[in-house]
Structures are given as C-alpha cells and as structure tokens.
C-alpha cells in the first residue's frame, strides 16, 4: 500500500477489518499475515498491512480480525438453487434415469412459485453460511428466485432454463424466451442481480432454441448457460444423431462463443478442448456431482493450460447434495490428482483461484468481484481460525483448500453489507424454514409412486 506523510489527514471508511490473515487473490497473489481491508460505500478502498491501512483510514466500524482469515467471497458458477427441496429425493442412479424418471416428473408437480421461494431461501441460507457470495443459477420461476435473492442481499446471475417440453411456468420454449427477455429488462440495472439466458442441454432442446437463446444473450450482453458433454450417454447420443461431438455440434449451429458457460464439460476430445479455447467459451466445473453420478472427471487441467476460463460450481443439491464450496474445492483438487496420478495437478492456489477470481471471470464480473483489491466491490468472507484443524499455519492456500470448512465461516459481506456476523444470519430468516421444508418433503414423498410412473419429455430426443 502507498505510504503517506505522517501529517496527512485520515480518510473515512465505513468498515475496516484489521489484523487478519488476508488472502487477496489479486494479480500478484498478495498475502498479509497482519492485514487490513478498508471499505467505503460498498467498495474496497485499501488493502495492505494493518499498520499502513490504519495510518491512512479511520472507520466508525472496526473489526478485530486476529485469529481470523479474510478472503474474497466464493463464486458458485453453476447451481439450481430451488432444487434444495429435492435434496436426497433420488440418489445413486445414472443421470438419464435420474432426470427422466424422477426429477422431471417431480418438478412438473411441485415446482410452484411458493415452493421455488422456499427452496431458494433454504439454498441462500446454506450458501451464505458456507461463504458463497455470488452464484450462477439455472431454473424455473426465476422471478421468484430474484425476489428472494434481492431480499437476502446476495449477488447472483439468474437464468430461466429453456427446454423443448412444457415446464412449470412456460408451456413452450418461446414462452420461456419471452419471459427471459422480460426478466432481463426488469433487472437492468440492478446492483446485485444479473439476469442471463440458459438452455438445458443439447439432448433436450433444439438447435433453434439454442440459436434464439444465443441471440437474446448477445442482444443484452448477458451470460449464456448450458449443460454440455456431462455424460458418456450424451456424448454417444449426439455423435450417433449428428455425427459430431456435443461441443462441435454447438459450434456447427453457431452458439459456441464468448459468454457461453458450459456446465460440466466432462466428455471433451482434444479437438473439442482446443475449439472451446479458440471460441472463448468458459467452463463451470462441478466435480462432486460428476463423481456422484459417475459422469467422469472433466479435463480441467488441460482446459486451464489452453487458457479456457474455468469456474467452480456445486450443481444443485438434488445431485450433489450440498452447496458447500469449501467441500467442492477439496474434491476438485483431490479428484484431479488421483485421476492423473500426479500430486502436483490442481494445486491449492489454482483451486482457490478457480473458486474466486476464476468464477468471477467466467461470469464477466472480474472487474467487480473475485479478489480483494481497491476499486472492487466488498464481497468478502471472514473465517474463524480458532479451530484445531486450522493449525499450524504454513501455507494459506493449502489451509483454505485442504483444511478449512464451510462451517468455519464467521462473517459474510456483499457490497460491504453484512449478511452474516458471528454465524448469525442477518438477511435470511431461518425461523420455521426447516419445518416448512420437511412438510413439503412429506407431501412430495406421498406422491412418489404416481410421479415415478409419469413420463416427462422423451429421453434421447432433441426436437
């Protein structure tokens, strides 16, 4: 931090957290053992050694960060937040069966506005408690999701999932497209919410739907999401139907490009990876979901070598089954090390980068968030190190990725505003929340047999 003469008057900040371990994730990867961050009007105005920051800034609100670690808030680049109401509903089965025999049918019956609000509220409580400050969501009734997110004060990219068959709030893809555009317009501008566009997958949506969605995203300059090459079944299906890989198919129909976020991207050939890099698309990596559904391990180390932007995601809890990004970081590191039989692959700093500034870059928000730097929004989390598993401290990146847990998060700030302090949620009311969710789960369970017999869509057909 810049030095100032001793007689320079102190500048005002709203909040200063001082004497903490500070992990910036800036371009120089600066670390401070006794560091401080000053915030004014939701913006970081100073980062440095505590002594230097306090020489220049004063604040009415001073937080003693001793025995704590301050770092950027985590960025969850792929999830389906209302699906918390289906946590544990259908486990230990392949993705195709999971989707068509269980998830699509239960969604058709229970994805109602009130249930979307309830599931989103539960998801936000879980994400805030485990240190996520920004998330990228794909689901239905995104207007209901937006209302809950706005009240909670989180940062989010919200998208309405486009798919070829009728969904809870859109009988046709054309209806979903119109709704998406209305949502984009309604939330432009919003300080925390960006509305993007998404298409479910190449096996559940036509090329026309993809092209129309791509055009809409380009018109407004917003993120465009899709699931791609998640399973071998999908890869083989698209190869049999079109004679090309899923990635090449997207390129052939003209939608593989900058701003496109590919969720999963497990089954990519060498030429696919080079094509994704060439076109400037990015990847949202979901290691735990990919392992749980036995989809495979995405070639993330190679994608990073090629310069592809990669973020980390949890996917929805119906297929993970949690939203804890600390747990996801650890799984990310370990899964790549064991599959490549190389302990140097996906080192701790790289994994943390993917979960913070890499995720921000994927969402087009890296000028605002993802690192602790002057001029950026004050999205940050404070972790309590007064724990046995947090000591001794040799390497802060290793400590974060391999030792710390979501439950160690002490306080969470978005735009400098506290969402949780000393583990007390301030913007999401958990009173009666769990009881409401369990009551809904009992209702869902009572209809399981009739829902399982219901067929939604037609597996393997892209219409």
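Test residue 255 against the stated conditions and say whether it is in contact (Cβ under 8 Å) with a residue 60 or more places away in the chain and in contact with a strand residue (DSSP E or B) (Cβ under 9 Å, 6 or more places away or on another chain).
Values: in contact (Cβ under 8 Å) with a residue 60 or more places away in the chain: no; in contact with a strand residue (DSSP E or B) (Cβ under 9 Å, 6 or more places away or on another chain): yes.
It is false that residue 255 is in contact (Cβ under 8 Å) with a residue 60 or more places away in the chain and in contact with a strand residue (DSSP E or B) (Cβ under 9 Å, 6 or more places away or on another chain).
Does at least one position in the range 58-69 carry a residue that is closer than 22 Å to residue 192 by Cβ and touching a strand residue (DSSP E or B) at 6+ places or on another chain (Cβ under 9 Å)?
The answer is yes, given that some residue of the range 58-69 is closer than 22 Å to residue 192 by Cβ and touching a strand residue (DSSP E or B) at 6+ places or on another chain (Cβ under 9 Å).
Does the range 372-390 contain at least one residue that is within 29 Å of residue 41 (Cβ to Cβ), surrounded by fewer than 16 Cβ atoms within 10 Å (Cβ to Cβ) and touching a residue at least 60 places away in the same chain (Cβ under 8 Å)?
Yes, that holds for at least one residue.
Counting just the residues of the range 410-451 that are touching a helix residue (DSSP H, G or I) at 6+ places or on another chain (Cβ under 9 Å) and within 13 Å of residue 106 (Cα to Cα), which one comes out surrounded by the fewest Cβ atoms within 10 Å (Cβ to Cβ)?
Per the stated criteria, the residue is 450.
Within the range 245-259, is there a residue that is within 23 Å of residue 295 (Cβ to Cβ), in contact with a helix residue (DSSP H, G or I) (Cβ under 9 Å, 6 or more places away or on another chain) and in a strand (DSSP E or B)?
No, because not a single residue in the range 245-259 is within 23 Å of residue 295 (Cβ to Cβ), in contact with a helix residue (DSSP H, G or I) (Cβ under 9 Å, 6 or more places away or on another chain) and in a strand (DSSP E or B).
The numbers here are math on the coordinates, done by the rules we state, and not lab data. Being a predicted model, the structure only gives us computed values, none of them experimental. Positions of Cβ are backbone-derived with ideal geometry, glycine not excepted, and every protein chain shown enters the neighbour counts.
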